[in-house]
Amino acid sequence: MEKLLAGKCSQELWFGILISFAMCFVFLCFDFSTFWGVNNEANLLVTKKVDPIGILNFNQTRDSCSDRYIYIHEGLPSRFNYDFLNNCESLSAGTSISNIPSMCPHLVNLGLGPEINSSEGVLSNKSWFKTNPYLLEVIFHNRMKNYECLTKNFTLASAIYVPFYPSMDVGVHLWDSNLTIRDSSAKHFAKWLSAQLEWSKMWGRDHFFASGRIAWDFRRERDNSSAWGSKLRFLPESMNMTMLTLEGSRWKNDIAIPYPTNFHPAKDSEVVQWQNRVREQERPYLFTFAGAPRPNQNGSIRGKLIDHCQASTKCKFLHCTEKKCGNPVTVMRVFQSSVYCLQPEGDSYTRRSAFDAFLAGCIPVFFHPATAYTQYLWYLPKDHTKYSVFIPVRDVKDLKEGQIENVLLGISKDKEAAMREEVIRLIPKLVYADPRSRLETQDAFDIAVQGILERIENVRKVNREGRDPSIGFADEDNGKFKFPETLDS
């Protein structure tokens, strides 16, 4: 009897162990499915294919998005972004492209601005808008929302995007003489961000944001009420982040990306069609200058350029007013009719007009290296002679009568054709696609993201090697705004 009971107990024990093992296996599969299937679909947002336990989905994600995941800091308080959009009537348009003082009309179409429906045959039929360049941060944010490798898990991210709207933020009090008020929001932003769990991952060096203003608007070096800008980029927390901006400063964590133009293609075919259009364009003028004099700006060569242009039968001068140059059709018509487009400094070193020239297939003529060559390093070939003409003007007195025309006439037709073809080849890299679409070819946004990911990966490499990641990250580059010793430098 005892042997019989012992045998029965032994059988029940083994049966219980077998059932327990089976149940553990089921729960393990269920948990595995939940982690790699549901979590992967919700958090990684990469592929739409459905796989019962997520293995196929995981492998595809890993292959296509390895080292490319980006986390959007959605927890950012709305006072740093969305509140500006909801109260846009209180924001100045901040640009001469419209005589409408409010920013609201420019925010339609996800920040691209009003669509251009009638171009008088100058533009292609679709994807042209009246875009305010100060809205780069809004356009960039809307593109980022559609980025193919987003993750809701910041520990998986190679970079952390902060959807801060610094241009709108600084614009509210930019002209306030009270520096405490002018810097208040920037300090609150830095304090909030650095207190978040995401910050401790790399102490901010994996964080980046975009700005629709030039870097100098955030680089006030003196605590003097007459000094320009806020101190955002000199705050210790901000020095650990990278800012993508229309124009970089001499600090290496301010990186220039293209000004938004008025062309925002929704399809790759629209880009190709536009390239073919400007390639076949007849160009009756040798050179063009679109702009206005800057009589109150010391050292400006604009007055001289206007004189040179008006004295030549080979030049077309477009005297910019809000009505004229605020109309993309007017500007593009002139640029498409010219072989070369003069691009002096604007109110700062750079100007949006340079990118309008590229878009029109017009070879840019630069007079200072910081207008393009030392700024847009991720976008333009290192050899600037391939796509542009450089006439260095260190002082306005250096520009001699007839010099511009003589230089341009001295360029062979073969060289001219080669430069124009290179300009046209660059067009896809210099435009921002419609945020509601996704192109197969890289646009300005894609190249910016790629550059950011590579920059942050370099920081990780420095960390792995046990070196100080702060060295070189936000150092000054004092040679950025100097003229080269030779013309070909």
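The values are calculated or read from the model by the stated rules, or taken from the named source; none is laboratory data. Bear in mind the structure is a predicted one, so any value in this text is a computation, not a measurement. Note: ideal-geometry Cβ built from the backbone for every residue, glycine included; neighbour counts use all protein chains shown. These area figures cover heavy atoms from the full protein model, side chains too; ligands, DNA and RNA do not enter into them. Shrake-Rupley method; radii C 1.70, N 1.55, O 1.52, S 1.80 Å.
Counting only protein heavy atoms and using a 1.4 Å probe, the accessible area of HIS319 comes to about 90 Å². Cross-link reach is defined here as a Cα-Cα straight distance under 22 Å, omitting same-chain residues fewer than 8 places apart; for LYS482 the lysines meeting it are LYS252, LYS304, LYS382, LYS386, LYS397, LYS400.
Apolar share of the accessible surface for region 297-419: 50 percent from carbon plus sulfur atoms, 1.4 Å probe. Straight-line reach from LYS461: taking Cα to Cα under 20 Å and skipping same-chain neighbours fewer than 8 places apart, the aspartates and glutamates in range are ASP67, GLU198, ASP206, ASP475. Think of a 1.4 Å ball rolled over the protein heavy atoms: region 205-260 then has 27 Å² of accessible area per residue. Entry comment: accessible area of region 277-344 is 48 Å² per residue, from protein heavy atoms only and a probe of 1.4 Å.
Too long at a 24 Å Cα-Cα cut-off: which of LYS130/LYS152; LYS323/LYS429; LYS267/LYS429? Over 24 Å apart, Cα to Cα: LYS130/LYS152; LYS323/LYS429. Within the same chain, aspartates and glutamates fewer than 8 places from LYS201 are excluded, and of the rest, those with a Cα less than 15 Å from its Cα are GLU237, GLU457.
Qualifying GluC sites (Glu not before Pro) in region 192-270, where qualification requires a DSSP coil assignment and no more than 15 other C-beta atoms within 10 Å, comprise GLU221.
For region 376-423, the calculated P(r) over all alpha carbon pairs, in 10 Å bins from 0 to the bin holding the longest distance, is 22, 44, 31, 3 percent. With no solvent and one equal point scatterer placed on each C-alpha of region 321-406, evaluate the Debye formula and give log10 I(q)/I(0) for q = 0.21, 0.25 Å⁻¹, two decimals. The calculated log intensity ratios at q = 0.21, 0.25 Å⁻¹ are -1.10, -1.35. Ligands, DNA and RNA left out, the accessible area of region 170-268 computed with a 1.4 Å probe is 53% carbon and sulfur.
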